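Derivation of every value follows stated rules applied to the coordinates shown; laboratory data play no part. Only a predicted model underlies this, so the values are computations on that prediction, with no experimental measurement involved. Methodologically, a virtual Cβ is constructed for each residue, glycine included, from the backbone with ideal geometry; neighbour enumeration extends over all protein chains shown.
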Amino acid sequence: MAFADGIFKPSQGSSLGMDNSGTGGKVFYYREAETLANISASGYFDSVAAQLDVGDIILIGASDDTNLVAVATKVAGVITVL
């Protein structure tokens with residue numbers, strides 16, 4: 001299954017103020033009836049790469065588990081989370 005944009009949301013007051021540059025430190029919530037392994041795969045969040053920066057946190061509610069991941073890399077629009 002592919003990324004579903006309708007359930008990717010920034011948290012209320014999502015800026016954690018981790019640095020002064022305005023990058024990183026945002027928190028997002030993503031819920032989907034898909035496995036955590038699929039959602040955590042490199043490239044899954046590419047369609048929202050413009051909203052994400054390295055260091056951002058995504059709380060994932062998957063069909064089989066819930067987990068927090070961080071955006072580890074953003075290279076040429078490809079997002080990798082850990």
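You can think of it this way: the chain between residue 70 and residue 50 has 5.7 nm of extra reach, that is 0.36 nm per residue less the Cα-Cα gap. In terms of the mean number of neighbouring beta-carbon atoms within 10 Å, the peptides 25-32, 71-78, 40-47 order highest first as 25-32, 40-47, 71-78. Taking θ as phi - 60° and the Karplus parameters 6.51, -1.76 and 1.60, the scalar couplings of the stretch 55-67 work out to x, 5, 10, 10, 8, 9, x, 9, 5, 10, 5, 10, 7 Hz in sequence order, x denoting glycine and proline.
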